[in-house]
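Here's the structure, in structure tokens; my notes come after.
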Amino acid sequence: MVDGVSGTALSATLEKALNAHAAEEMHSSQLYLSASFWFANKNYDGIAGFLLKESEEERSHALKIYDYVLTRCDGRADVLALPKPKNNWETPQEVFRDLFEAEKEFSLKVRNLRSLALQEKDQGAHIFLDWFVQEQERAVDEWDKLNSKMEAYAALPGLLWHLDKELE
Ligand SMILES: [Fe+2]
């Protein structure tokens, strides 16, 4: 079954999944913002600024998906409600561990979304999502390193200021 125009419309399933994924990206953006504020409150402005940039990056991923949905014939971009992000961590290591875990989970979500595009026989969406799969591989690698660094820097009191300087 093809749509009325040219057979290029998104399936309802894929449209819903793309909008849901854009919301996940927005939630990820909110989580980074929350983590940024946590460090800002402790005067680690370098780390806070770095996390703020990560937050903006996640938002740009959401906008990229919404833009794609709108590009497709009759595609309807939909803004969904977001859950409140976590904001109460005990230690800096715990924040970084959470962010690393979140990026790993996100990789799985992106891969599942790309698999769904294939299942729906949607070549365009499948190709579009290639970039997201690779971006997640980069993000997980980056957070793997950041997490290791945080573990090392947090081992001795005061050393965290070096990481703060490094991420400025
Ligand atoms: Fe993202």
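Values quoted throughout were computed directly from the atomic coordinates according to the rules given, and no laboratory measurement underlies them. Fair warning: this is a prediction, and the values are worked out from it, not measured in the lab.
Screening the chain for whole DSSP H helices of 20 Å or more along their axis (Cα) with average Kyte-Doolittle hydropathy at least 0.5 returns none.
Calculate how large, on average over all directions, the projected area of the Cα convex hull of the range 17-68 is; give the answer in nm² to one decimal. Hull-based average projected area comes out at 2.9 nm². For the range 80-123, the ratio of Cα radius of gyration to the globular rule of thumb 2.2 N^0.38 Å stands at 1.64.
Taking amide H as placed 1.01 Å from N in the peptide plane, Ala9 has its amide H under 5 Å from the amide H of Asp3, each at least 5 places away in sequence or on another chain. For the range 1-97, a Kirkwood radius taken over Cα pairs fed into Stokes-Einstein (4 °C, viscosity 1.567 mPa s) yields D = 86 µm²/s.
The string of couplings for the range 158-168 from the Karplus curve (6.51, -1.76, 1.60, θ = phi - 60°) is x, 5, 4, 5, 5, 5, 4, 5, 4, 8, 4 Hz, one whole number per residue in order, with x for Gly and Pro. Considering helices alone, the calculated mean residue ellipticity of the chain at 222 nm is -26000 deg cm²/dmol, with DSSP H runs of length four and up weighted by -39500 (n - 2.57) and normalised per residue. For the residue pairs Lys84/Lys104; Lys53/Lys121; Lys84/Lys121; Lys16/Lys42, the C-alpha atoms sit more than 30 angstrom apart in Lys53/Lys121; Lys84/Lys121; Lys16/Lys42.
For the range 12-166, dividing the convex hull volume of the Cα atoms by the residue count gives 98 Å³ per residue.
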